[in-house]
Every structure is written in C-alpha cells, then in structure tokens.
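The values are calculated or read from the model by the stated rules, or taken from the named source; none is laboratory data. What you are looking at is a predicted structure, and each value in this text was computed from that prediction instead of being measured. We place every Cβ from the backbone using ideal geometry, glycine too, and count neighbours over all the protein chains shown. Ligands, DNA and RNA are excluded from the accessible area calculation, which covers all protein heavy atoms including side chains. Shrake-Rupley method; radii C 1.70, N 1.55, O 1.52, S 1.80 Å.
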Amino acid sequence: MKKAGIIMIIGSLLLLGLFKFPLWNIMLGAPQYPDPLGMNIHITGIKGVHEFDIQNIDGLNHYIGMKKIPKPEEMWEFDVFPKVILGMVILGVVIGLLGIFKKLSFRWFLGWLILMSILGVLGMYDFNLWLTEYGTDLDPNAIMKMTHPDGSPMTYKPPLFGHQKMLNFDVDSYPHTGGYMLFAGMLLTLIAFFVGKREWKTQKI
Amino acid sequence: MKKSVLFIISLFMSATFISCNNSENSKNGDRGALASSAAEKTYVAPGEHDEFYAFISGGFSGQLSVYGLPSGRLLKVIPVFSQDAEKAWGYNEETKPMLNTSHGFIPWDDAHHPDISQTAGKLDGRWVFINGNNTPRIAKIDLTTFETTEIIEVPNSAGNHSSSFVTENTEYVVAGTRFSVPVPQRDMPINEYKGNFKGALTFISVEPEEGHMDIKFQLMMPGFDYDLAHPGRGKSHGWFFFSTYNTEEANTLMEVNSSQNDKDFIAAVNWKKIEEYVNNGGGNKVPANYAHNIYDEETHTATSTMKKEVLTVDPLEVPGAVFLLPTPKSPHGCDVDPTGEYIIGNGKLSADLTVHSYSKMIDAIENEKFDGDAYGIPILKFEDVLAGTVKQAGLGPLHTEFDGKGNGYTSFFISSEVVKWNVETQEVIDRKPSYYSVGHVMIPGGNSAEPFGKYVVSMNKITKDRYLPTGPEVTHSAQLYDISGEKMELLLDFPTIGEPHYAAGIPADIIKPNSKKIYKLDENKHEHATLSNGDARVERDGNEVHVYMTMIRSHFTPDNIEGIKVGDKVYFHVTNHEQDYDVPHGISMIGANTSELLIMPGQTETFVWEPKQPGVWPFYCTDFCSALHQEMQGYVRVSPADSNIELSWSLGED
C-alpha cells in the first residue's frame, strides 16, 4: 500500500493550502463598481480582494442596515477552523504513513474522507448560517428598507454558491484556490482509498 | 524701395491666392470629411478611452487643461498658477503657499508652454512642466495625481516665455526671459535700455527621482527678447537653442523698432559646457529673492521657501559655449527635429522657414567662421549654418512639430494654415486651413526624439462663426488633423479653456497605469489630519478655534458644534475617510470668505471661517457623494464675543 499511502499523504497535505489561499470568494459588481468589490474567505478570517474592499462593502451595507463584516476575533470559526484543518492534515498524514507501513487497512482512508466530508458539510452549513444571519439580521434603523413585491422585507443573504442579483449588484460566490486544493486533496484521498484497495488485494494474493 | 514694395504686394497676392485655393479645398475637404470617416475617426464609444492625452495650456486662464484625443473631450482642468474655486486651489490653507512669490501671493499667471518629461529623448509621462509668463515661474505637475506639486519662481527674469522645455533626460527645464530687464532690478531711465538690460536664460535642474527643481545657473545674455526654445537631442544633446527678437534692443514702439533687422538670432547654448564650468566652481553667486514652493503628497500641504541667492554666468566667461545663428525675421518657434540635426527658425515676419544644420554649425564653430559678435558673443555666418529654406511656405510661420517620418508641420499665423513639408528636401507637401489664426501646433511627442505622428492639433486664436455665438466673447478652439496619410485631413474642432496657447501630447498607455486612485489614509501625514473618528474634536487657542473633522458617506464627525464666538478664527481641518476610487467629499460654510473644499479620499484640507454674526449656521457637503448627500450637513452655533458658552461638539446626540 505504498502508492496509496503516498497519495493519501499528498491529499492530506493539499489541505495546508487553506492556510495561504482563500477557501471561498464572493464578488460584488455593479455599474458604478466596474472593478467589483470582493471578499476572500480564509479559514483565518475575511479579507478584501483589494486593499479597501471590506471598508467599502461595509460602507454600502450600512445603507441597508447590515452588520460590519466580522473581524477574525469576532467569530469562533476563525479560531476553530485552522485547528480542525491542521488536525485533519496530521491525521491524514499519520494514516497515510501507517498505510505505507501496512499498519492499517485502506478503509481508514475512506474513514478519513467521510470524517472530512462531515466536517466540510458542517462547515458549509455554518457558513450558510452566517450568510443568512449577516444578510437578514438588519438594523431596524437602517436608512433604506426595501421590500419584495409581496411586501415582505428584503434580505441580502449572498448566495452560498453561484450567482445572484441583489438590488443593483451582481453577486458571485465560488470556491477559491484554497477551496479547490481542499477538493483536490479530498479527491486524492478517495483515489488513495481505491488504489489502496487494489494494492491490498494484490498483497493478499 | 520700389522693389521691396512690389515684393510685399506680390507676397500678399500669392498669399491670397494660396488661401483662396485653400478655402475651396477646405469646403470639399469638409464635405468629404463629414460624408466619410472623420466622425468615425474621432468617435470614442461610451465607456471607451481616448488614445492620447493632450495637455493644452489655458494661456491667460493660468491653468492646464487635459483633453482626450481623438475625441477632443475635456477631461480635467488642472489648476496651476490661478486660484480655482472648483478644487479649492489657492483657497485652502494647504495650497495657498503654492502661489507665493517674491511679490507676495499672486493668484494668477499666463500659462504658456507645457512640456512632458523625457528619458533618453522619449516621453516618460512622469511630469508636465509649464511656465508662468507674467510673474516668472515654472510649475511641475505630477502625472500620477494630475496635481501641481512644485512651483519655482525665476528671478532676474520677466515675461518668462522661452520655457518650459526639457532636455532629453529632463536634466534641465529652461526658463528664458522674454523681456530683458535691469539686473539687478534698479531705478533707471527706460531709454538707457540698450547695453544695460540683460536677458537671463535660466537652467533649472530636475532631480531625477522626485523631480525637485533647483536653479542651477542663469546665463546672463545680451538684452534681446528671448522668444521660444528647444533642446538639442541625439547628436545635438547638450545644446539648447533660443530664438530671439528685438536684437535692435529697442524700448519703445516695439512693433516697428524691434522689427528693423532683417535677421535676428537663434542663440545656441552648449549647456553641458556651462554645467561643467559651474560644477568646477565657476559663475557668480548674486543676491536674489525668489520663492520655491513644494506640495508634499504625504502631508497634502505646500510649503514656500524664499531663496536668497542665484548663480549667474557671463557667457564670455565660458568661451565656446554660446553662439548666435542669424535667422530671419523675428523668429518665434525654434524647433529641433527628432534626429537632432535640424534647427528650424520660424521667422514670424517672414514667408520662409529657415532650416539650420547642427553639423554645419559645429563645423563653422570649429573653423571659427564668425561674422562679428554681439557683446562679445560670436555670430556665425548665416550661409555657413543654413541647411536650406522652405520657400514661400505661407505667411507668419510660428511653430513646427515633427511626425517622426521626416516631415515638419508648421503653423502659419497670418495665412492661417498648417503646412506639411519635408525636413530633408524643404519641399512643401500639403497645406490645410485652420479656423482661424493658428498659433502653435502639437503632435503627441512631436518635440521629442520619438513622435507619435498620427494627429496634429492646431490651437487657434479666433473662432468667429465656428460655434454658436456667446456674446462678444467666444471660445478659442483646437483643431485635430489626421496626418497618418500623405495629405492632412481635418477631423474635428473643439472648444478650449482660456487661450489654448501650446500643448503637449502623449499616448494614454504611458500615463494611465500610474494614475493614482486614492490617497491612503494611513499614509496621511497632514499636520492636522484626523485619522479616526474618536480623534474628531474642537480645540480653542485664544480666538483661534481648530475643528478636527472627518467625513465619510454620508456624515461629518462632528456635525454639531457649539461655543464658537463672533470674532473667532475657525480653522476647519477636514479629513476624508473614504478609501474608494472617485469618492471625494466637499464642505463649505455659510459666510466663509473662501471656496468650498474638495477633498479626495484619504486627504486632509483646511479652510478658515471667521463668523461675524451670532446664530446657528449650517455647513454641508458640496460634492454629490451618495444617495444621502443631501443629508450630509451640520450646524455651528455662534455666540456673541462676550458669551461664556463652553466649546462642545457631537455626532448622534440629541
């Protein structure tokens, strides 16, 4: 299971990309913003795509009563996520190494992937909750109160994934480099599982 | 006598003949142009950018305007020598020092000749220099911000006309005096001008990084009038050429008395030689009094320093550095072609263009072929330096620019036309009328080693029937010709600011990428900046009150101020906290004897208000900034001088 173990280790290590590259990106473009404003969501906090984007997004959101974009210390996620990712990297590497030395079965690779997927889904769920909260919990004294045609108050939750038109803004929400590295890493661990399975069988025979 | 009368008559007849021809051509040309592609060639679709920037001086407006070519759209008016209420230039405390001179605060000048900085003879797009004619000054405009960042006054000078032209690596910008004056200035009879007045040709060094200017030396020339100038380039790099008139040294009824000599001079100055002389301790330091004003981008504040000394050089002290090239007849433009070989003298009272040869000049100097001297300065023989003459090209040649393909384009004021001619063969190729009375012409890069010869712009003094009438005062204009083909084609004319005296053009791509979008707040080192809202405050110091205010969409902090008294001098130091492109805010105060402020993102500006009546007086944002711009306002309570209301300020408290 040498090959599988190496793939498993590489796959796990790809998660380290999240410490450098953003996981997700949300861009806000409008006619008067030919260079769209943007947020890069890192596991350690939210950063503007350009130097003053966060300040300018906050400035715009102020009109409709949205809260300011949280600083890293204002959300527990930015404390916990890096630890979880680091933990999973270490776990993945250890599993990979043990796999190479045939100390454990290829099923552990799948186990890691399932755990990572559960954590990922939880992360997305949490992210979506935050987006919902951010986009709907509006200041009652907001300058502008927009309503839908049916009279219900308009909310401004950015899309979890994909494109959405919000007032005059085109909002695009997609994974970024760190996110793609995460998916690639997870895919590699899946491959490691199948390769390991084959290696396991040939070994047995 | 009879002969000359006949000659003049024939000259005017031929000119009339030429211009008749022109007007017919032009009608056809106009029609053809309208029917065909002129509109397409100048059309820049919504949202698209022009190909060139044109910096067109505002002449008597004292400013520099920025146009896009080929559309002719006005993009900005950059305040330089004149107060500009639109931008608070010369009104706010930060820029008032920029207009300081040895004569005090002078909020006007006559801005003539912009020139773009060069590296190795090519436009580098870092700065534009422009001269103030009336109270001699040279200004430098930074092309990252399009703001005037430095102005240096030129002592011993008057009518600073033969400037501001730069050498091929922007080593120097020159400031030649148009009027010769007594140096040092003194009380003396005017009719003793001859032999007593001096003409200062000032070489201002430009520091290569920041562009700071400093007068390196003043060459004290005979008392002629120095009209225009151009640097040598390539092989003639190291030389500077100045056209002269009034070599008669007349002091009255100049139109006649200064036009007697058949030939005036182009003064050829070997500045490298003089620089060497000066670097070796040559020249005389003499007392002077002139202002050097610098605007600091980090403090957003100008400082004015009075300088007390200037280094002068007598041309006779540096043999072999200055020569006079006879040139008919009262030459105006003095233009050097891109190769550096040809120096064109545009005798404005002549029908011919004089083309001097640099190599022939050097040869004549080496062989000492002199034809006398003027105050000890050798005069070269006309025939020995002449490369050729463009015969009967038109009437009143003023200025020549080059297309980089071997052609010159000369403006003719009297016959009101632009003439294309071959620099090598001196043959006229094409002529087109201008509407009307063209002064200078401009080809982007046309006075550099690398012209961008796609368009020529003529700058016209008179417009008469070209636009809707606007009373006795009608706009001046510029005209755009396509020069990409053999024949010129008139594409467009467009109105201009003030008097479009002279211009410099440059491909947009050289400047655009460096254009600054905001000033960073955390780099703001203004003495009175308020970098966080928590620091917004009001302080009293005797009867001076300093308001430290911030602005962001869509409120001021503070917006209620009490405790101001009649007789106070209230300084509003206002910092724009935006960090977003194109979001300036303004502020003005009722009854302030100044202008509004227009503050760019991250900048701090200051104005003074001296309340004269008790009351509650509003201030507001003057630049439409957001949907809540109209709400961006506040109040100042002014109490009688003897009241004891405590100074207080607030935002968001009832």
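So if we plug the beta-carbon distance of B:Leu75 and B:Lys569 into 1/(1 + (r/R0)^6) with R0 = 41 Å, what FRET efficiency do we get, rounded to 0.05? Using R0 = 41 Å, I get an efficiency of 0.65. Accessible area buried by the pairing of B and A, both sides summed with a 1.4 Å probe, works out to roughly 800 Å².
When both bridge partners sit in the stretch B:464-580, DSSP labels roughly 65% of those beta bridges antiparallel.
Phi angles of the stretch B:207-212 translate, via the Karplus equation with coefficients 6.51, -1.76, 1.60 and θ = phi - 60°, into HN-Hα couplings of 5, x, 7, 8, x, 5 Hz per residue; Gly and Pro are given as x.
What the protein assembly as shown shows is 43 Å² of accessible area per residue, with the surface traced by a 1.4 Å probe over protein heavy atoms.
Using only side-chain charges placed at the Cβ, +1 for Lys and Arg and -1 for Asp and Glu, the dipole size of chain A relative to its Cα centre rounds to 1640 debye. Compactness of the stretch A:1-141, taken as the C-alpha radius of gyration over 2.2 N^0.38 Å, stands at 1.34.
Each label was represented as a point 7 Å from its Cα along the Cα-to-Cβ direction; for B:Lys273 and B:Phe370 these points are 1.1 nm apart. Each of B:Pro611, B:Gly333, A:Ser105 was scored by the projection of its Cα onto the charge dipole of the protein assembly as shown, and the greatest displacement toward the positive side belongs to A:Ser105; charges sit on the C-beta of Lys, Arg, Asp and Glu. From helices alone, chain B scores -3000 deg cm²/dmol at 222 nm; the rule is -39500 (n - 2.57) for each run of n ≥ 4 DSSP H residues, then divide by the residue total. Taking the 1.4 Å solvent-accessible surface of chain B as the whole, the part contributed by carbon and sulfur is 53%.
Extension gain for B:Thr389 to B:Thr144 (0.36 nm times residue separation, less C-alpha to C-alpha distance): 84.0 nm. With helices defined as uninterrupted DSSP H runs, which ones in chain B have an alpha carbon span along their own long axis of at least 24 Å and mean Kyte-Doolittle hydropathy of at least -0.5? Helix filter hits for chain B: B:2-35.
Extension gain, B:His49 to B:His103: 0.36 nm times the residue separation minus the Cα-Cα distance gives 15.2 nm. Between the C-alpha center of the stretch A:97-152 and that of the stretch B:60-116 there is a gap of 57 Å. Backbone geometry of the stretch B:529-541 corresponds, through the Karplus equation with coefficients 6.51, -1.76 and 1.60 at θ = phi - 60°, to 3J(HN,Hα) couplings of 6, 10, 8, 9, 4, x, 8, 4, 6, 10, 10, 10, 9 Hz, x marking Gly and Pro. Summarising the label geometry, the points placed 7 Å from Cα in the beta-carbon direction at B:Asn289 and A:Lys197 lie 9.6 nm from one another. Take B:147-160, B:247-260 and order them by the average number of nearby Cβ atoms within 10 Å per residue, most first; the result is B:147-160, B:247-260. The angle between the Cα long axis of helix A:2-14 and the main principal axis of chain A comes to about 20°, on a 0 to 90 degree scale. Counting only residues at least eight positions apart within a chain, or on another chain, the aspartates and glutamates with an alpha carbon under 15 Å from that of B:Lys487 are B:Asp30, B:Asp403, B:Glu417, B:Glu427, B:Asp430. Please work out the C-alpha center-to-center distance from the stretch B:571-585 to the stretch A:159-179 and express it in whole Å. About 30 Å separates the Cα centre of the stretch B:571-585 from the one of the stretch A:159-179.
Residue ranges A:95-102, A:142-149, B:84-91 sort as B:84-91, A:95-102, A:142-149 when ordered by packing (mean number of other C-beta atoms within 10 Å per residue, highest first).
Normalised by 2.2 N^0.38 Å, where N is the number of residues, the C-alpha radius of gyration of the protein assembly as shown stands at 1.22.
Inter-chain Cβ neighbour count for A:55-64, averaged per residue, equals 3 (cutoff 10 Å, partner chain atoms only). FRET efficiency for the pair A:Glu74 and B:Lys517, taken as 1/(1 + (r/R0)^6) with r the Cβ-Cβ distance and R0 = 22 Å, rounds to 0.15.
The Cα atoms of the stretch B:443-519 give a gyration tensor whose axes a ≥ b ≥ c have a/c of 1.5 or more with a/b no greater than b/c, which makes the shape oblate. For the pair B:Val616 and B:Leu468, a Förster radius of 51 Å applied to the C-beta separation gives a FRET efficiency near 0.65, rounded to the nearest 0.05. Helix A:53-64 and the longest principal axis of the Cα set of chain A meet at an angle near 50°. Mind jotting down the distance between the C-alpha centroids of the stretch B:601-644 and the stretch B:210-234, whole Å? Rounded to whole Å, the Cα centres lie 47 Å apart.
Taking the stretch B:282-369 as the region of interest, the number of lysine pairs whose Cα atoms are within less than 25 Å, with members eight or more places apart or on different chains, is 7.
Between B:Phe413 and B:Leu398, the built amide H atoms are under 5 Å apart, and every one of these is 5 or more places off in sequence or on another chain.
Taking Cα centre as origin and charging only the Cβ of basic (Lys, Arg, +1) and acidic (Asp, Glu, -1) residues, the dipole magnitude of the stretch B:369-510 rounds to 260 debye. Rounded to the nearest 500, the helix-only mean residue ellipticity at 222 nm of chain A stands at -18000 deg cm²/dmol, with each DSSP H run of n ≥ 4 adding -39,500 (n - 2.57). Look at the stretch B:293-306: the mean tally of other chain Cβ atoms within 10 Å of its residues' Cβ atoms is 0.
The apolar share of the surface of chain A, taken as the fraction of accessible area on carbon and sulfur atoms (1.4 Å probe, ligands and nucleic acids excluded), comes to 68 percent.
Considering only B:Tyr277, B:Val256, B:Thr303, and ranking their Cα positions along the charge dipole of the stretch B:231-385 that arises from unit charges at the beta-carbon of Lys, Arg, Asp and Glu, the one farthest toward the positive end is B:Thr303.
On a 0 to 90° scale, report how tilted helix A:77-100 is relative to the longest principal axis of chain A, with both axes built from alpha carbons and the result rounded to the nearest 10. The helix A:77-100 is inclined about 20 degrees to chain A. Rounded to the nearest 20, the Cβ-based charge dipole of chain B about its Cα centre (Lys and Arg +1, Asp and Glu -1) stands at 1840 debye.
Ranking B:Thr101, A:Phe19, A:Ile90 by how far each Cα lies toward the positive end of the dipole of the protein assembly as shown (charges on Cβ) leaves A:Ile90 at the top. Each label was represented as a point 7 Å from its Cα along the Cα-to-Cβ direction; for B:Gln633 and B:Thr475 these points are 3.5 nm apart. Take each residue in A:14-24, count the other chain C-beta atoms within 10 Å of its C-beta, and the mean is 0.
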